[in-house]
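A short write-up of the structure that comes next.
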Amino acid sequence: MHTYTEKIQNLAKDVLKQGKAEMVIGFKQGTIPMAANPFVAKNENDADNLIWSSTCGLNLANYLPGIKKCEGKIGIIAKGCDSRNIVTHIVENKIDREKLYIIGLPCTGMVDKKQIALLFDDEITQFSEEGNTLIVKSETKEEKINKQEYLRSNCKTCTHRNPVIYDELVSDLVEEQIIEDQFADVKKIEAMSSEEKWDFFDKLTEDCIRCYACRNACPLCYCPTCFVDESGPQWVGKGQNTDDIKTFHYLRAYHCAGRCTDCGACEEACPMDIKVRNFTRKLNKDSLELFNWEAGLDISQRPPLDTYQPDDPDDFIM
Amino acid sequence: MKIIKIDKKEWEQGLDKSRKEYHLFGAVKDKDYYLIQALGDKVYPDMESSDTILSPKSVIFPQTEKMLTANLDEAQDNHHIMERVETDYSPRAVLGIKPYDAKAFKILQLNFDTEEFKDPYFCDAYAATTLVGLAVNNPGQFDFSTSVDTGPFDETDLDVLLIDTGNEYLAKVITDKGENFISKCGFDNQTDEKNALETISKLKKKAEKAIVSTVSHDKLNGKTILELYNAPFWDDIAFSCINCGTCTYVCPTCWCFDIQDETKDKSCIRFRNWDTCMSRLFTEHASGHNPREGKTQRVRQRFMHKLKYFPDKYDQGLMCVGCGRCVKHCPVNIDIREICEQMNS
């Protein structure tokens, strides 16, 4: 059991008992290995089902706008990126800070389930972790691997593992990573010729089945009607036409400009293993370079794309 | 019944011979995972592969399928008259299909090919297709096929069942379609039926015994629709759902589609796409009213359809073949087995 699990259960019980919140959003154990199921604990008994593990890779802030019936506060377990999306929700007036009871969770990274699965020829049947060691079993073999080597790529470059906003913490804050070159991956794509870039992005999205798991797992994608779902006028074709598929991905990425926290939920959710962060990463890099901006760090700051400063970069016009 | 022994060394040569008559489909490794694809020249199906992410339903029921076309040029006599598009329905064979994935086509047939209505696109594609199954000797942890009236050796909708015995396949030729395919491959080493059937029976028992995942649905029939529809658990089940279409798109038995028209210059195409009951748009009326406005209603619909409405209407078991793809690929781990147990309890 992860050392956080018991702490989360106790904190959640206390929060529910004291009435600090009416419910606590967290994860419960999944029904299959390496799966965690987002879950809302409404009473102390429910709280016994809360867990933590390095497979809790979805972003729980995504569930906040969907909660309509809650008179008291909503409790939520928030790792670094979840907390940044909570800040973004607050800044974008999706939810009041006062409505939330945030149980901050200093995070040591989520694991890349797909990379781990590639270590095996057969299905993974058991997964557990002891500190930094992951113990993964299938019918035919057992692997003990170092968690840090199997982190998701967004967790490898994460510099905000600690929650940026919270009412209580699950543990002491963890040391933040110092990343020498945070955007090496983006630079590789930037260095490509136009043709190579087309080719790269064509290949990237070629297996997309338009299930919209990436969009729906994303806390930023809360539009009541997404542009791809508009039917009057219909902006985008609905079939498997590659231009329509690319239109969806490119436009969705632009809607996330200056808002994306690189939480990785989009890639975590994609059933086809499409690395959709390749789109948003470039926008995050631009936000940092042009506006010295990282999304979701401070509820008192307006995002760069909804403010104007006379010295905003305008090289692209000139 | 005929049982042919195929030396694995001769398998690919045989397939090459069949290409004169058949377009071949099979599992191919794409990046890090397997997909069912049309096999180009000298491309062979991976017969050792684990599950493909998507089921083989797209071979007969493609995600996007052109149906009708019209010329919009008013100077032409036939302008604005919809005509069926020309589609290649020459013979095709799906190689190494899992027996329960093939059974799923029988379920799709209940919708697309009835006494009253015949969907020409489905029917023509189905008629053109030969299903060459590969028995699942080592079922995975997600496989609950034996709980839902099919199984790792189910022959219900196969033309040929291949059984992997190590260096050879035993090919159980089930239909005339299967017979034609096997003969076009040049496989003719007929083997002693009694011995072969014994081997197959042993492997089948072993495979069925190896299935660890089960689901009970015996009490669903006795419950009323409203009892299940109004059950208290739907909000809790739906909480984690993000309403993506993954479960419906990976499912071999989900048959819902949406029809779209697209025009460009003077031509118009009518085509259909897989649709998903997880989407709000799926039931949105032109008036703006939506009978399944919230995600709880949508999640409930998916499970009620598969586990209650369908069995009640057709009396052919559940609308599920136990392949486990939705369980494996759901981004938030909503597990149909768990929900079925809850409904059944």
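The values are calculated or read from the model by the stated rules, or taken from the named source; none is laboratory data. The model shown is predicted, which means the values in this text are computed figures rather than measured ones. Here Cβ is always computed from backbone atoms with ideal geometry, including for glycine, and neighbour counts include all displayed protein chains.
When A:D244 is evaluated against the numbered criteria (1) in contact with a helix residue (DSSP H, G or I) (Cβ under 8 Å, 6 or more places away or on another chain); (2) within 10 Å of chain B (Cβ to nearest Cβ); (3) not in a loop (DSSP other than H, G, I, E, B), which criterion, by number, is the only one it fails?
Evaluating A:D244 over (1) in contact with a helix residue (DSSP H, G or I) (Cβ under 8 Å, 6 or more places away or on another chain); (2) within 10 Å of chain B (Cβ to nearest Cβ); (3) not in a loop (DSSP other than H, G, I, E, B) leaves (1) as the failure.
May I ask you to say which residue of A:K79, A:K147, A:K137 is closer than 19 Å to A:I32 by Cβ, among the basic types (K, R) and modelled with pLDDT of 95 or more?
Numbers: A:K79 fails: closer than 19 Å to A:I32 by Cβ; A:K147 fails: closer than 19 Å to A:I32 by Cβ.
After ruling out the rest, the residue left standing is A:K137.
Find the residue count for the stretch B:248-271, including only residues that are closer than 21 Å to B:K106 by Cβ and facing chain A (nearest Cβ under 9 Å). Quick ask: steps written out before the conclusion?
First, the residues of the stretch B:248-271 that are closer than 21 Å to B:K106 by Cβ: B:248-257.
The next check asks that each one be facing chain A (nearest Cβ under 9 Å); those that pass are B:248-250.
Total satisfying the criteria: 3.
Name the pairs: first residue in the stretch B:182-210 and closer than 14 Å to B:A171 by Cβ and touching a residue at least 24 places away in the same chain (Cβ under 8 Å), second residue of a type in the set (S, T, N, Q) and in a helix (DSSP H, G or I), Cβ to Cβ under 9 Å, at least 6 apart or on different chains?
That search, which allows pairs on different chains as well, returns B:I182/B:S18; B:K184/B:S18; B:C185/B:Q13; B:C185/B:S18; B:G186/B:Q13; B:G186/B:S18.
Using the structure shown, decide if B:K29 is at pLDDT below 95 and under 20 Å from A:D207 (Cα atoms). Break it down stepwise before answering.
Numbers: at pLDDT below 95: yes; under 20 Å from A:D207 (Cα atoms): yes.
So B:K29 passes the test.
Please specify each residue of the stretch A:211-222 satisfying the condition of being crowded, with 24+ Cβ neighbours inside 10 Å, part of a loop (DSSP other than H, G, I, E, B) and not aliphatic (A, V, I, L, M).
Within the stretch A:211-222, A:C211, A:Y212, A:C218, A:P219 meet the criteria.
Restricting to the stretch A:1-34, count the residues that are within 21 Å of the chain's Cα centre (by Cα), more than 12 Å from every other protein chain (Cβ to nearest Cβ) and part of a loop (DSSP other than H, G, I, E, B).
1
Kindly establish whether B:E65 is modelled with pLDDT of 95 or more and within 14 Å of chain A (Cβ to nearest Cβ). Give the steps one after another, and end with the answer.
Numbers: modelled with pLDDT of 95 or more: yes; within 14 Å of chain A (Cβ to nearest Cβ): yes.
Judged against the criteria, B:E65 is a match.
Considering only the stretch B:67-76, how many residues are out of contact with any helix residue (DSSP H, G or I) (no Cβ under 9 Å at 6 or more places or on another chain) and closer than 30 Å to B:Y249 by Cα? Full working, then the answer.
Looking only at the stretch B:67-76, we keep the residues that are out of contact with any helix residue (DSSP H, G or I) (no Cβ under 9 Å at 6 or more places or on another chain), and these are B:68-76.
Those still in the list that are closer than 30 Å to B:Y249 by Cα too: B:68-70.
Residues that pass the stated criteria total 3.
Which one of B:A75, B:A102, B:A171, B:A125 is assigned to a loop (DSSP other than H, G, I, E, B) and of a type in the set (G, A, S)? Reasoning before the result, please.
Values: B:A102 fails: assigned to a loop (DSSP other than H, G, I, E, B); B:A171 fails: assigned to a loop (DSSP other than H, G, I, E, B); B:A125 fails: assigned to a loop (DSSP other than H, G, I, E, B).
Answer to the selection: B:A75.
From A:N85, A:N93, A:N59, A:N37, which residue is more than 20 Å from A:D167 (Cβ to Cβ) and either in contact (Cβ under 8 Å) with a residue 24 or more places away in the chain or more than 10 Å from every other protein chain (Cβ to nearest Cβ) (or both)? Step through it out loud before you land on a result.
Values: A:N85 fails: more than 20 Å from A:D167 (Cβ to Cβ); A:N59 fails: more than 20 Å from A:D167 (Cβ to Cβ); A:N37 fails: either in contact (Cβ under 8 Å) with a residue 24 or more places away in the chain or more than 10 Å from every other protein chain (Cβ to nearest Cβ) (or both).
One residue alone meets the criteria, A:N93.
Does any residue in the stretch A:221-240 that is more than 10 Å from chain B (Cβ to nearest Cβ) come within less than 6 Å, Cβ to Cβ, of a residue that is hydroxyl-bearing (S, T, Y) and surrounded by fewer than 18 Cβ atoms within 10 Å (Cβ to Cβ) six or more places away or on a different chain, and which pairs are these?
As it stands, the answer is A:V236/A:T247, since those pairs meet every condition given.
Which of the residues spanning the stretch A:133-150 are closer than 14 Å to A:L118 by Cα and either within 24 Å of the chain's Cα centre (by Cα) or of a type in the set (F, W, Y) (or both)?
Correct list: A:V136, A:I145, A:E149, A:Y150.
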